[in-house]
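Asks: Supplied in structure tokens, the structure appears directly below.
What follows draws every value from the coordinates through simple rules; no lab data is involved. As the structure is a computational prediction, the values presented were derived from the model and not from experiment. Backbone-built Cβ (ideal geometry, glycine too); neighbour counts: all protein chains shown.
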Amino acid sequence: MKRRLALSLAVACAIVLQISVAQVAAQESPQTVKAAIPPQARPTVVAPTPARPEVPQPRPEPAPSAKSSAETEAANVRIEVTITYQVGNGSPVRRSAVLTVADQGRGSLRAGNQVAVVSTTFTPVAAASKGDGASSAPAAPMTSFSYRSVGLNVDASRVFILGNKAKMELSVEFSTIDEKTSDAGGRPPSFPTFTQTLSLVLDSGKAIIVGQSNDYVDNVERKQSVEVKATILR
């Protein structure tokens with residue numbers, strides 16, 4: 001009986017001891033775990049650097065393009081002007097003028113002659129008195145001359161070479177004598193005149209008609225035309 005009691009006490013004591021050890025281990029385990037896990041480092045917060053305002057950079061100017069040799073070398077322009085004049089069914093009359101002008105230059109040409117125009121006036125002549133007191137004073141003709149310029153005048157200015165083209169301002173004046181309008185009654189001849197001023201851009205070596213006109217005088221048709229050709233001389 002005593003042995004059973006002693007065994008029971010021993011078993012009870014062992015159970016109590018195990019319970020106590022388990023409680024102590026349960027109380028110490030969170031601290032042990034905490035001690036075993038090292039504290040985590042806090043992330044370092046870096047303040048953002050303020051962005052600098054962008055300063056606009058000046059754009060580089062493009063380098064001037066090199067001009068071709070055709071644009072830089074000195075050159076002249078030969079200008080040919082041809083006037084065609086026709087009266088009725090007669091053969092056309094042609095007048096030409098040629099002048100050479102430097103690039104960015106100007107030039108003039110005058111070609112023609114002076115035509116004498118006759119004018120007649122009648123002046124009374126003093127006569128001797130007759131016996132009856134009457135006097136006769138026949139009129140005497142007096143001839144005089146005036147001169148009129150006829151021909152072809154050409155003025156070229158502001159001449160510029162643009163590649164294979166020539167730009168210019170051109171003034172053309174043409175006048176001639178038309179003796180068909182004169183008659184035996186002493187009517188003087190007429191002087192047809194043609195004047196034109198214009199700006200042109202011409203292809204080198206290519207002739208074009210830049211002006212035409214026609215009119216009637218005494219029921220006779222008169223035609224005029226102007227042809228211009230510019231040739232670049234390099």
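Asks: Please go through the range 70-123 and write out the trypsin sites (Lys or Arg not before Pro) that DSSP classes as loop and that have at most 14 other C-beta atoms within 10 Å.
Replies: Within the range 70-123, the qualifying trypsin sites (Lys or Arg not before Pro) (loop, at most 14 other Cβ atoms within 10 Å) are R106.
Asks: On to the next question. Using r as the Cβ-Cβ distance of N164 and T195, and R0 as 30 Å, what FRET efficiency do you calculate, to the nearest 0.05?
Replies: With a Förster radius of 30 Å, E is 0.50.
Asks: With each label point set 7 Å from Cα along the Cα-Cβ vector, what nm distance links S8 and K206?
Replies: Here the answer is 13.8 nm between the modelled labels.
Asks: In nm, to one decimal, how far is the modelled label at N214 from the one at S108, with both set 7 Å along Cα→Cβ?
Replies: 3.5 nm
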